[in-house]
Amino acid sequence: MKQFLTLTVATTFLFACDHSKTTVQNSPQTGQRISILRAAYAAFNRGDIDAAVQSLDPNIDWTEPAEFPGGGTYHGREGAKQYLTNSRSSVAEVISEPEQFIPAGDRIVVFVYARVRPKDSANWQEVRLADVYHFRDLTPIQMRAFANRQSALDWANSNPPTP
């Protein structure tokens, strides 16, 4: 069930994190990027998948961990839309709230707190995860989800970006 939960909220995002390695850049462009991501998460939460993927590059690479059900790499805005649509349709309700945005060069790590209510259940499940977005200017060109927040920070700061 945990894997199901993680798949469902992986956009949409555990461990104490050492932010000392994170390169923080506060600029007007960083603020605009964060605003774009906030709008995408808000659209996902209200079930508007078209609006959630609108700001993505048409050729985005969207990667969910292989151990997640439905995990793998999705190509293009339509691939991301397919993944997000499937993740929402498999549950009764999902709320995916960004808790923190951490700039790392042309990437932004988003710590996500997600609540999911499975179909035929009154009980909510909670998970904290991380999504890493790689930007070109103001456009997300890559997204990679992580179940472990520290792994997301490490990846964002140690791997050269792939266009």
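The values are calculated or read from the model by the stated rules, or taken from the named source; none is laboratory data. All values derive from a computational prediction rather than experimental measurement. Neighbour counts run over all protein chains shown; Cβ positions are idealised from the backbone, glycine included. All accessible areas refer to the heavy atoms of the entire protein, side chains included, with ligands and DNA or RNA removed. Shrake-Rupley method; radii C 1.70, N 1.55, O 1.52, S 1.80 Å.
Taking segment 50-68, which residues are outside any strand (DSSP E or B) and within 19 Å of Y113 (Cα to Cα)?
Passing the criteria: A52, P65, F68.
Consider segment 139-158. How many of its residues are part of a loop (DSSP other than H, G, I, E, B) and under 21 Å from G79 (Cβ atoms)?
1
Return the pair list, or none, for Cβ contacts closer than 6 Å from residues in segment 92-115 that are open to solvent by 20 Å² or more (accessible area, probe 1.4 Å) to residues that are at pLDDT 95 or above and of a type in the set (S, T, Y), at least 6 apart or on different chains.
Close Cβ pairs (under 6 Å, with a partner that is at pLDDT 95 or above and of a type in the set (S, T, Y)) amount to E97/Y113; P98/Y41; E99/Y113.
Go through R38, R77 for me and flag whichever is open to solvent by 60 Å² or more (accessible area, probe 1.4 Å) and within 17 Å of Y113 (Cα to Cα).
After applying the criteria, what remains is R38.
I'd like the residue in segment 118-149 that is buried (at least 16 other Cβ atoms within 10 Å of the Cβ) and basic (K, R) and, out of all such residues, is farthest from D61 (Cα to Cα).
R128
Can you name the residue in segment 72-130 that is in a loop (DSSP other than H, G, I, E, B) and either of a type in the set (S, T, Y) or closer than 26 Å to R33 by Cβ (or both) and, of all such residues, is farthest from the chain's Cα centre (by Cα)?
It comes out as S121.
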